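What follows is a short report on a single structure.
The values are calculated or read from the model by the stated rules, or taken from the named source; none is laboratory data. All figures in this text were calculated on a predicted structure; none of them were measured in a lab. Using ideal geometry, Cβ is built from the backbone for each residue, glycine included, and neighbour counts are taken over all protein chains shown. The area values use the complete protein model at the heavy-atom level, side chains included, leaving out ligands, DNA and RNA. Shrake-Rupley method; radii C 1.70, N 1.55, O 1.52, S 1.80 Å.
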Amino acid sequence: LFWKQRLLRILPAYYLVLIVLIVWNLIVTGGFGPSKQYFFFIQNFCTSHPYFFPEAWTLSIEFWFYLLIPLFVFILKGYFKLSDKKALLVPVIIFILFGFFMRLFRAYTFPELDGYIRDDFFRKQVVTRIDSIAFGVLGAYIHRYYKSIWSDYKYLFLVLGILIFLVTKSAWFN
């Protein structure tokens, strides 16, 4: 499983750097800072990402995606008896819609969308970016289960992908 290999490759280095930063922070400031949140990847779940370990914002998004997708698939296959194909597609669509509507909600919640707000409350939070990996999984899903559609409409998908990229980078969705 890709997600398992990726997490096993990333997590040891992540925790090593986190521990080094905690020790450094203890030496310099005498306190732990917001480091406890980082152990559970909740530092930017639905709030602004702390400055303590600024590079970690993207890893928490990946972590939650890789944790929740298999959980959703397991539940959909085990309890609702969906096929592999449907059990993967349903959570991917849910994640895409959830991320879209969270960004839309935030766009209406924040009257002024300056660069700081877009960066901290749209781009660097799990709840507003959980869909970013889901788009890639959707592409892989179409390639795996609908090869002819993937091949026949590859240029349309290219244009659609560019449009989605541009829309999600606009002030309303970024």
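A few comments on the model shown:
- Which listed pairs, of 81/147; 36/124; 86/169, have C-alpha distances above 20 Å, in listed order: 81/147; 86/169
- Residue-wise HN-Hα coupling along the stretch 10-23, computed from phi with Karplus coefficients 6.51, -1.76, 1.60 (Hz; x: Gly, Pro): 8, 4, x, 5, 4, 5, 4, 4, 4, 5, 4, 5, 5, 4
- For the chain, with +1 on Lys and Arg beta carbons and -1 on Asp and Glu, the positive-most of 138, 18, 97 along the dipole: 138
- Summing Cβ point charges (Lys, Arg +1; Asp, Glu -1) relative to the Cα centre of the chain gives a dipole of roughly 640 debye.
- Taking the 1.4 Å solvent-accessible surface of the stretch 65-174 as the whole, the part contributed by carbon and sulfur is 72%.
- Folded to 0 to 90 degrees: helix 57-78 orientation relative to the chain principal axis, Cα: 50
- Averaged over its residues, the stretch 15-72 has an accessible area of 56 Å² per residue, based on protein heavy atoms and a 1.4 Å probe.
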